[in-house]
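Working notes for the structure below.
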2 protein chains.
Amino acid sequence: MRAVVMYAPGDVRVEQREDPEILAPTDAIIRLPATCVCGSDLWPYRGVEKRDGPVPMGHEYAGVVEEIGDEVTSVEPGQFVVGSFFASDNTCEICRAGYQSRCVNAVPMASVGTQAQRARVPLADGTLVATPGMPRADLIPDLLAASDVLGTGWFAAVAAEAGPGKTVAVVGDGAVGLLGVLAAKQLGAERIVAFSRHADRQRLAVEFGATDIVTERGDEGVAKIKEMTGGLGAHSVIEAVGTQESMMQAVRSTRPGGHIGYVGVAHGVALPGLELFYAAVHLHGGPAPVRRFLPDLIRLIWDRTIRPGRVFDLELPLEQAAEGYRAMDERRAVKVLLRP
Amino acid sequence: MRAVVMYAPGDVRVEQREDPEILAPTDAIIRLPATCVCGSDLWPYRGVEKRDGPVPMGHEYAGVVEEIGDEVTSVEPGQFVVGSFFASDNTCEICRAGYQSRCVNAVPMASVGTQAQRARVPLADGTLVATPGMPRADLIPDLLAASDVLGTGWFAAVAAEAGPGKTVAVVGDGAVGLLGVLAAKQLGAERIVAFSRHADRQRLAVEFGATDIVTERGDEGVAKIKEMTGGLGAHSVIEAVGTQESMMQAVRSTRPGGHIGYVGVAHGVALPGLELFYAAVHLHGGPAPVRRFLPDLIRLIWDRTIRPGRVFDLELPLEQAAEGYRAMDERRAVKVLLRP
């Protein structure tokens, strides 16, 4: 099969790889009608995260089950399924508490590589959720988004306790931040402020439910949020970047007693203890336990209540994956869909 | 009146100071039958926090109202009252959300100084809570503890979501940590693990409800907690120290999805973003909004359900305040009660 492989920072290729096979009786093999590039794929692409290349790339997926191991009982060949970017048993104590991304048997799908024609999904029973039927083609980008960016934005909004009567601020206008806006809207937030200085992303934010756009960032952005909230700060802040500046912007934009949901993979971040102490905020985040939300998200997509696939603003054949990475790296695209 | 004043690190004196007077119509003057030294008073005593001496000391208080300003309506002279170490209006949006220590009009009682015979309490209506009657003398240490150490330990346990079915670990065996044990017990925690290597503090921890004592600290303490919890970590962790080591011990002792309530004033602490991200814990803390809990705490004390005053293991006349500071600094005493 054809698959994306990263050899070194900036060096992404599409090559012939062996078709995946059932290795454990709990595995499933799925065929991917679409796959995509994640903002977090840019960390190794930019050399911020070290990888010993060549490594397979991709961790988002939705597709058709082709084969299952002997112990798999919850999905069967021919079904369309969506899974999280962490495979999980969904039965351990951590999973049952809703933290499937930290399952005691978690397998990062990045180690499998889903920017490919097919993928092996470990722990299929705990990981995959079948859709009500075979989706129409136009729903596939939405379902693919549920695998990570939507599920991650959703988790951030839940962690930030977005809800009725709340003012929610969103730091980061990438796909996850934008889908954090969508999630906050679905969760009933009263006011949703998106930090963004890019016209196309602002438009998508408003389409997803943002009531206000703030173009200032850092402490100027914080001052703006304070001004909009009677000097108090937002009740809920979603952090979807993962830098020192974005984390501090999130902490300072939150009122005392408020909640921050952070999902940007924090690189080179050190949170100052004393400032955090006096901020008196709630801080929660990490790799999103997407599996917790998948049944609800699939239903909302199936009913066409939400269209998270709108974040894909560039579609390319899988063979042009390198151009997809470049477009995201240069911020020419919010998120790139690849067609195997 | 006689009052404690700190001139420089290690230099604590008892001097004659002007009796407090009503400065604003929302003030009250209270007479203090007892006062005390806080673990946080040791930060300036040790020179870790800079103060331009001489400064009045003390922020914990319980006593009898002697005089009230014209606008005070909720307490009257002759009543016994308890207040928090932050005066608050208890009417602003932040107070109504339960974060009175971050009230938009908050006044730190440390700026008043309550290690004295009398004290002026700003925002009396929002700050003071009257007891059901004049307490018997033996209840006064308990009520005084409610003003900070009990209220702070309680907040930490609430922030850590201690409750039925939960394993709670407590980092720090000072008065706040010990009262965090008491709070976790009252909140119904199933198992309470106290980190302590001091026999007297271990005894008090057990008296307050600890089910297990761990003498290891740092990563060895973490390994012990993991061993006790099937490798997962505690559901709830109370951090009551405020150092880099204690914060990391708390983060690493908590299972994914678990909750940390941190109330140690974090000095020189920098939380590593990436480790925190993958820990996937909830982090909440700050200056405890003691006012939120005071009515409940006073009732529990009045009914003699809890005896938080047990943390006072050294009682001295106010004139010997310097010895009180020394005893706590040298860890000869858990907490020192001063009799004006």
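Inverting the mean 1/r over all pairs of different Cα atoms, compute the Kirkwood radius of region A:151-285 and quote it in Å. Result for region A:151-285 stands at 13.9 Å.
Of the residues B:Pro272, B:Phe195, B:Met247, the one whose Cα sits farthest towards the positive end of the charge dipole of region B:151-285 is B:Phe195 (charges of +1 on Lys and Arg Cβ, -1 on Asp and Glu Cβ, taken about the Cα centre). Between copies, the label points at A:Gly10 (set 7 angstrom from Cα along Cα-to-Cβ) are spaced 5.7 nm, reported in nanometres from shortest to longest.
Other residues with beta-carbon under 12 Å from the beta-carbon of B:Thr26 carry, at +1 per Lys or Arg and -1 per Asp or Glu, a net charge of -4.
Per-residue 3J(HN,Hα) values for region A:249-258, derived from phi via the Karplus relation 6.51 cos²θ - 1.76 cosθ + 1.60 with θ = phi - 60°, read 4, 5, 4, 6, 7, 9, 6, x, x, x Hz in sequence order (x marks Gly and Pro). Across peptide B:263-271, the average count of Cβ atoms from other chains found within 10 Å of a residue's Cβ is 5. With the Kirkwood sum run over all distinct C-alpha pairs, chain A has a hydrodynamic radius of 20.0 Å. Using a cut-off of 31 Å between Cα atoms, the listed pairs B:Lys224/B:Lys335; A:Lys185/B:Lys226; B:Lys50/B:Lys166; A:Lys335/B:Lys226; A:Lys166/A:Lys335 include A:Lys185/B:Lys226; B:Lys50/B:Lys166; A:Lys335/B:Lys226 as exceeding that distance. Sorted from shortest to longest, the distances between the B:Pro77 label points of this copy and the other copies are 9.2 nm, with each point 7 Å from Cα along the line through the beta carbon. Surface composition of region B:151-285: carbon and sulfur make up 51 percent of the accessible area, probe 1.4 Å. Using the 1.4 Å probe convention, the accessible area of the protein assembly as shown works out to 36 Å² per residue with neighbouring protein chains retained.
What is region B:26-102 by shape, rounded, prolate or oblate, if you read a ≥ b ≥ c off the alpha carbon gyration tensor as root eigenvalues and call it rounded for a/c under 1.5, prolate for a/b larger than b/c, and oblate otherwise? The shape class here is oblate. May I ask what percent, to the nearest 5, of DSSP beta bridges between residues of chain B are antiparallel? Here the antiparallel bridges make up roughly 50 percent for chain B.
For A:Thr215, inter-copy separations between label points set 7 Å beyond Cα along the Cβ vector come to 6.5 nm, shortest first. Coupling constants for region B:149-161 follow from the phi torsions by the Karplus curve (6.51 cos²θ - 1.76 cosθ + 1.60, θ = phi - 60°), and in residue order they are 4, 5, x, 6, x, 5, 4, 4, 5, 5, 5, 7, 6 Hz; glycine and proline get x. Near B:Gly257, the amide H atoms lying under 5 Å from its own belong to B:Val281, B:His282; only residues 5 or more places off or on other chains count, and H is placed 1.01 Å from N. Once the C-beta distance of A:Glu190 and A:Glu49 is scaled by a Förster radius of 45 Å, the resulting FRET efficiency is 0.75 to the nearest 0.05. Sorted on the mean count of surrounding Cβ atoms within 10 Å across their residues, most packed first, peptides A:82-95, A:125-138 read A:82-95, A:125-138.
Classify region B:77-138 from the C-alpha gyration tensor, please: rounded if a/c falls under 1.5, else prolate or oblate depending on whether a/b exceeds b/c. Cα axes put region B:77-138 in the oblate bin.
For a paramagnetic label modelled on B:Ala8 (point 7 Å from Cα along Cα→Cβ), amide N atoms under 19 Å away belong, within region B:299-336, to B:322-323, B:325-326. Look at the stretch A:248-257: the mean tally of other chain Cβ atoms within 10 Å of its residues' Cβ atoms is 3. First check a/c for region A:1-53, with a ≥ b ≥ c the square roots of the eigenvalues of its C-alpha gyration tensor; if it is under 1.5, answer rounded, and if not, answer prolate when a/b is larger than b/c or oblate otherwise. Cα axes put region A:1-53 in the prolate bin. Extending 7 Å from the Cα toward the beta-carbon at both A:Glu216 and B:Glu323 defines two label points whose distance is 5.7 nm. Overall dimensions of the protein assembly as shown, expressed as equivalent-ellipsoid semi-axes from the Cα gyration tensor (√(5λ), whole Å, largest first), are 53, 26, 21.
Each label was represented as a point 7 Å from its Cα along the Cα-to-Cβ direction; for B:Glu227 and A:Glu315 these points are 5.8 nm apart. Association of chains B and A removes close to 3000 square angstrom of accessible area from solvent, both sides included, for a probe radius of 1.4 Å. Annotation: amide H of A:Ile238 within the under-5 Å range of A:Ala169, A:Val170, A:Val171, A:Gly261, sequence separation 5 or more or interchain, hydrogens built in the peptide plane. Note on region A:271-308 and region B:93-124: Cα centroid distance 35 Å, given to the nearest whole angstrom.
Values of log10 I(q)/I(0) for region B:219-340 across q = 0.13 Å⁻¹ run -0.74, by the Debye formula with one identical scatterer at each alpha carbon and no solvent.
Shielding by partners for peptide A:93-105, expressed as the average number of C-beta atoms from other protein chains within 10 Å of each residue's C-beta, is 4. Dividing the summed helix terms, -39500 (n - 2.57) for each DSSP H run of n ≥ 4, by the number of residues in the protein assembly as shown produces a 222 nm estimate of -8500 deg cm²/dmol to the nearest 500. Sequence-ordered 3J(HN,Hα) estimates for region A:315-324 from the Karplus curve with 6.51, -1.76 and 1.60 and θ = phi - 60° stand at 10, 9, x, 3, 4, 9, 3, 4, 5, x Hz, glycine and proline given as x.
The values are calculated or read from the model by the stated rules, or taken from the named source; none is laboratory data. Note that this is a predicted model, so its numbers are computed, not measured. Virtual Cβ from ideal backbone geometry, glycine too; neighbours counted across all protein chains shown. All accessible areas refer to the heavy atoms of the entire protein, side chains included, with ligands and DNA or RNA removed. Shrake-Rupley method; radii C 1.70, N 1.55, O 1.52, S 1.80 Å.
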